[in-house]
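**Q** One structure follows; several queries about it will come next.
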Amino acid sequence: MRETVLLFNIKDKKRAQELQMICMSLRIRVRLIKREEYFQTVGVLAGMKEASETDRIYEGEELADEMMVFAGVTGSHLDQILFMMRKKGMKRIDYKAVLTDTNSQWTVPELFKELEKEHAAMHQL
């Protein structure tokens, strides 16, 4: 699988372009995921060949916040992306995940819900 960053619910077009430029400078593919695609598994959206697509179209609410998923991105590239985002003074994306065997089988709302739980737990400390 090619290194890919999936972006969800990025409403600021300029910010989305900045994220795309950062990733493109590292030769990392970027996909801006549309709300209608949220019933696909994260693995399908990342381009995993063994993942199965669904015909279902998501018509529910938009995610409560922005989300970013790193699929097949090396550790050094991940560090570089986050460093460049900070260096440019870009607003943080609180809901970030690395694609795993487990979450690759989840739909977008399922992953977001899990990240919300983790985020809440981390900020209660």
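**Q** Suppose we filter Glu18, Glu50, Glu62 for residues that are out of contact with any Pro (no Cβ under 8 Å at 6 or more places or on another chain), modelled with pLDDT under 95, among the acidic types (Asp, Glu) and surrounded by fewer than 19 Cβ atoms within 10 Å (Cβ to Cβ); which single one remains? Talk me through it step by step, then tell me what you get.
**A** On the way: Glu18 fails: modelled with pLDDT under 95; Glu62 fails: modelled with pLDDT under 95.
Result: Glu50 is the single residue among Glu18, Glu50, Glu62 that is out of contact with any Pro (no Cβ under 8 Å at 6 or more places or on another chain), modelled with pLDDT under 95, among the acidic types (Asp, Glu) and surrounded by fewer than 19 Cβ atoms within 10 Å (Cβ to Cβ).
**Q** Tally time: how many residues in segment 4-15 are surrounded by fewer than 17 Cβ atoms within 10 Å (Cβ to Cβ) and in a loop (DSSP other than H, G, I, E, B)? Break it down stepwise before answering.
**A** Here is the first cut: in segment 4-15, the ones surrounded by fewer than 17 Cβ atoms within 10 Å (Cβ to Cβ) are 11-14.
Next cut, in a loop (DSSP other than H, G, I, E, B) only: 11-12.
Count: 2.
**Q** Return only the number of the condition from (1) in contact with a strand residue (DSSP E or B) (Cβ under 7 Å, 6 or more places away or on another chain); (2) under 13 Å from Val5 (Cα atoms); (3) not hydrophobic (A, V, I, L, M, F, W, C) that Gly43 does not satisfy.
**A** Against the list (1) in contact with a strand residue (DSSP E or B) (Cβ under 7 Å, 6 or more places away or on another chain); (2) under 13 Å from Val5 (Cα atoms); (3) not hydrophobic (A, V, I, L, M, F, W, C), Gly43 comes up short only on (1).
**Q** Also: Give me a count of the residues in segment 93-116 that are without any contact (Cβ under 8 Å) to a residue 60 or more places away in the chain, in a helix (DSSP H, G or I) and β-branched (Val, Ile, Thr).
**A** Residues meeting the conditions: 0.
**Q** Could you list all residues from segment 75-109 that are under 20 Å from Arg27 (Cα atoms), surrounded by 14 or more Cβ atoms within 10 Å (Cβ to Cβ) and among the β-branched types (Val, Ile, Thr)?
**A** Ile81
**Q** Being surrounded by fewer than 17 Cβ atoms within 10 Å (Cβ to Cβ) and part of a helix (DSSP H, G or I) is the filter here, so list the residues in segment 21-36 that pass it.
**A** Residues satisfying the conditions are Met21, Met24, Ser25, Arg35, Glu36.
**Q** Here's another thing I want to ask about it. Which of the numbered conditions does Met90 fail, given that it passes all the others? Conditions: (1) aliphatic (A, V, I, L, M); (2) over 15 Å from the mean Cα position of the chain (by Cα); (3) in a helix (DSSP H, G or I).
**A** (3)
The values are calculated or read from the model by the stated rules, or taken from the named source; none is laboratory data. This structure is a prediction, so every number in the text was calculated from the model and none was measured. A quick note on method: Cβ atoms are made from the backbone with ideal geometry, for glycine too, and the neighbour counts reach across all protein chains shown.
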